[in-house]
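Accompanying notes for the structure given below.
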């Protein structure tokens, strides 16, 4: 009866004829077909998906959970979950990821850095006896 929202749902679209100068902050899913001159940053506390289409170009930093790239990014990319680099992906900048899928033809000019999941061990303290 009621369906849960799929985590891969695209909530917003920046169209092919749209050009934005300034930072873009979003929650949920965002697809970019246009040009952004600024950072594109997802809210860190919720699951997010960013799709950068073949026509899209971003000149700035990109931060999101799941990132799908088939366009051009000039700047660093930080993916806290998965980054998919499709055949027409062009990234000029360092890529930080937890999981990576890279198709034949994708190009990265920069460092690929696998971010290890940091597990903080709880500190156990014994009660002092009198």
Please determine, by comparing only the residues of segment 36-49 that are without any contact (Cβ under 8 Å) to a residue 24 or more places away in the chain and closer than 13 Å to residue 24 by Cβ, which one is surrounded by the most Cβ atoms within 10 Å (Cβ to Cβ). 42
Condition broken by residue 45, with the remaining ones in (1) modelled with pLDDT under 95; (2) within 12 Å of residue 108 (Cβ to Cβ) satisfied: (2)
Among the residues of segment 20-27, is any buried (at least 17 other Cβ atoms within 10 Å of the Cβ), at pLDDT 95 or above and not in a loop (DSSP other than H, G, I, E, B)? yes
Against the condition within 18 Å of residue 100 (Cα to Cα), in contact with a strand residue (DSSP E or B) (Cβ under 9 Å, 6 or more places away or on another chain), at pLDDT 95 or above and surrounded by 15 or more Cβ atoms within 10 Å (Cβ to Cβ), how does residue 60 come out, does it pass? no
Looking at segment 79-96 only, could you name the residues that are surrounded by fewer than 21 Cβ atoms within 10 Å (Cβ to Cβ) and either in contact with a strand residue (DSSP E or B) (Cβ under 8 Å, 6 or more places away or on another chain) or in contact (Cβ under 8 Å) with a residue 40 or more places away in the chain (or both)? 80, 81, 82, 84, 86, 90, 92, 93, 94, 96
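The values are calculated or read from the model by the stated rules, or taken from the named source; none is laboratory data. None of these values were measured; they are calculated from a predicted model. All Cβ positions, even for glycine, are placed from backbone atoms using ideal geometry, and neighbour counts span all protein chains on display.
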